């Protein structure tokens, strides 16, 4: 079996575009990225199922030149899952829009706080040079 | 013989019972009491069924069932060997106790903003997904199991749709979407290369492939599961997303979800790629996971975030065992996984109580909790010391087993890992001791609200947390038999019994 080069290339381009869009901050662009990415992945399954053939119905053609039904079943499952993902991300983007007026994913507050402390080279408020005589871990922390 | 055939029909039940329950509870959306009753019944049934499966898998070897009555190898295979059965049992006990905890929370806090009608169906789906992932006999079914549990986790993580949770949810969803897509790519490649996705058949066909193809497939699957298990450098999403969810949700996520990833790494690297272990790569990743994770924990001031970072760091211990690829190492990894599921869940449940009593989980603003509520103090102290690996608790036994396996392997890298494990344990002790001394022992810092004087702990939630802590102690008491069991489980993984049993009907 020789794989279909055109399909493989199309899948590659779609996956690349999808991943690029996933790196965006706006949830709507991420959503478009998810849709493109999953279509690319689904095409990969068609590549895996070998050359196109007759439909895989029992008795409609010789088994030797009918298409492989298993990847089709898997793609079907994958499509259903993509549908659910799309609905979920859409809902999340809408909720984000309701809350903030935009759908951009912001940084974590706690992360930003610790990064700021590190930038100023300060210890956190909770840091206190207590000696733990019974456990001795300040030997390790020094 | 008839009895044993009929008993394998139990295999789909850990998936079907919660699924059915999810449907029923969704219908009962306007009747919270009936919902609670149905989910409790379902989640009570699962541990009973899985105990039978555990017994069967241990005494009669690998249990399998070709679902749907297709001629093998066409149908979907469900397989329970010793490893799956143990993971299933621990997971079902943990989900049950978290469910009881969540029910207690419903009863205590009538005015919470979370839509309760969605919680129970989603939680049951999560449980079904976890069971499906543990029982899956083929890679695609494993993918479906992962998607089931991930979808439930998306919903649970963003319960109520507050600004914080939507932000945390976005990171979590995008990262997991990417890993799921990569999983599908790997599946397509596996199918194209071998013509099957059944793990038993793959274990026979993969060794015949060219070395480069095998390597590509192995790395792709490892990357997928390393994202789900939060192995460094693919772990940055975890501490950002877990802490914002409601307490019971964080507890079940921290306990179970990453461990399903660890299970999948364990399964694929032993059953599928036993002939070409990735020792060095896994060991280096394990060391980095341990050290980077625990360094993060030391820097944090929020209890939930500290615990999330220790979660990442302790994933390193399990990967250490898998990377050694010796029977001792695998056995240690399995034991450590079982221990860590219970301990993380117990800790996060207790933190849920802390949040309820103190109103916050930031150690900058907590203080004097041990004086306010000695019970809560004890409930935190015991699992915290267990996590750090103080003898004679289960954390100590688990770490000792892994260190022993590392020493026996004897390579310089294994020794480095042994040293790394010890440092990580000490730093874990430092991190939890910091929580203990600041929040429980010391007076609150100036300017913070005074510690609550009269504390009434919610009864059902406290009882659940106590049960979880007792379970972690029970693991220590039963460490001997349990370790013997995980030894046998590791042996099954590498003996090829899996493929022989599952494909018995195919050959004939």
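The values are calculated or read from the model by the stated rules, or taken from the named source; none is laboratory data. Keep in mind that this is a model prediction, so the values were computed, not measured. Neighbour counts run over all protein chains shown; Cβ positions are idealised from the backbone, glycine included.
When each of B:173, B:155, B:213 is tested for being crowded, with 23+ Cβ neighbours inside 10 Å and either more than 23 Å from the chain's Cα centre (by Cα) or closer than 30 Å to residue A:97 by Cα (or both), the lone residue that passes is B:173.
The set of residues in region B:341-379 that are in a helix (DSSP H, G or I) and closer than 25 Å to residue B:230 by Cα comprises B:341, B:342, B:343, B:344, B:345, B:346, B:347, B:348, B:349, B:350, B:351, B:352. Filter region A:1-25 down to the residues that are more than 30 Å from residue A:106 (Cβ to Cβ) and either at the interface with chain B (Cβ under 9 Å from one of its Cβ atoms) or assigned to a helix (DSSP H, G or I) (or both) and list them by number. A:1, A:3, A:5, A:6, A:7, A:8, A:9, A:10, A:11, A:12, A:13 - these are the residues of region A:1-25 that are more than 30 Å from residue A:106 (Cβ to Cβ) and either at the interface with chain B (Cβ under 9 Å from one of its Cβ atoms) or assigned to a helix (DSSP H, G or I) (or both). Filtered by the rule that a residue be free of Cβ contacts under 8 Å to residues at least 12 places away in the same chain, more than 21 Å from residue B:140 (Cβ to Cβ), in a helix (DSSP H, G or I) and more than 9 Å from every other protein chain (Cβ to nearest Cβ), region A:78-112 gives A:87, A:94, A:97, A:112. Looking across region B:482-508, the residues that are more than 18 Å from residue B:330 (Cβ to Cβ) and assigned to a helix (DSSP H, G or I) come down to B:500, B:501, B:502, B:504, B:505, B:506, B:507. In this structure, does residue B:46 turn out to be in contact with a helix residue (DSSP H, G or I) (Cβ under 8 Å, 6 or more places away or on another chain) and either free of Cβ contacts under 8 Å to residues at least 40 places away in the same chain or closer than 17 Å to residue B:122 by Cβ (or both)? The answer is yes for residue B:46. In this structure, is residue A:38 within 11 Å of chain B (Cβ to nearest Cβ), surrounded by 20 or more Cβ atoms within 10 Å (Cβ to Cβ) and farther than 22 Å from residue B:70 by Cβ? Taking the combined requirement at face value, the residue satisfies it.
Scanning region B:273-299 for residues that are without any contact (Cβ under 8 Å) to a residue 60 or more places away in the chain and within 14 Å of chain A (Cβ to nearest Cβ) yields B:296, B:299. Give the residue that is nearest to the other protein chains (Cβ to nearest Cβ), with candidates limited to residues of region A:48-77 that are at pLDDT 80 or above and either farther than 19 Å from residue A:3 by Cβ or more than 29 Å from the chain's Cα centre (by Cα) (or both). The qualifying residue nearest to the other protein chains (Cβ to nearest Cβ) is A:77.
This table checks each residue for (1) more than 26 Å from residue A:70 (Cβ to Cβ); (2) more than 10 Å from chain A (Cβ to nearest Cβ); (3) out of contact with any strand residue (DSSP E or B) (no Cβ under 8 Å at 6 or more places or on another chain); (4) outside any loop (DSSP other than H, G, I, E, B).
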| residue | (1), (2), (3), (4) |
| --- | --- |
| B:150 | no, no, yes, yes |
| B:153 | yes, yes, yes, yes |
| B:168 | yes, no, yes, yes |
| B:213 | no, yes, yes, yes |
| B:220 | no, yes, yes, yes |
| B:226 | yes, yes, yes, yes |
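Of all residues in region B:275-316, those satisfying the criterion of being part of a loop (DSSP other than H, G, I, E, B) and out of contact with any helix residue (DSSP H, G or I) (no Cβ under 6 Å at 6 or more places or on another chain) are B:276, B:277, B:278, B:301. One residue stands out in region B:433-449 among those that are more than 10 Å from chain A (Cβ to nearest Cβ) and surrounded by 19 or more Cβ atoms within 10 Å (Cβ to Cβ): the one that is modelled with the highest pLDDT, namely B:440.
Against the test of being in contact with a strand residue (DSSP E or B) (Cβ under 9 Å, 6 or more places away or on another chain) and surrounded by 24 or more Cβ atoms within 10 Å (Cβ to Cβ), the options B:322, B:315, B:294, B:303 yield a single qualifying residue, B:303. Consider region B:380-424 and keep the residues that are at negative phi and outside any helix (DSSP H, G or I). The one that is surrounded by the most Cβ atoms within 10 Å (Cβ to Cβ) is B:393.
Of all residues in region A:61-77, those that are in contact with a strand residue (DSSP E or B) (Cβ under 9 Å, 6 or more places away or on another chain) and in a helix (DSSP H, G or I) total 1. Give region B:67-82 a look and list any residue that's crowded, with 22+ Cβ neighbours inside 10 Å and within 13 Å of residue B:503 (Cβ to Cβ), or say none. Listed by number, the residues that qualify are B:77, B:79. In a helix (DSSP H, G or I), more than 14 Å from every other protein chain (Cβ to nearest Cβ) and in contact (Cβ under 8 Å) with a residue 40 or more places away in the chain, is that true of residue B:338? So residue B:338 fits the description; yes.
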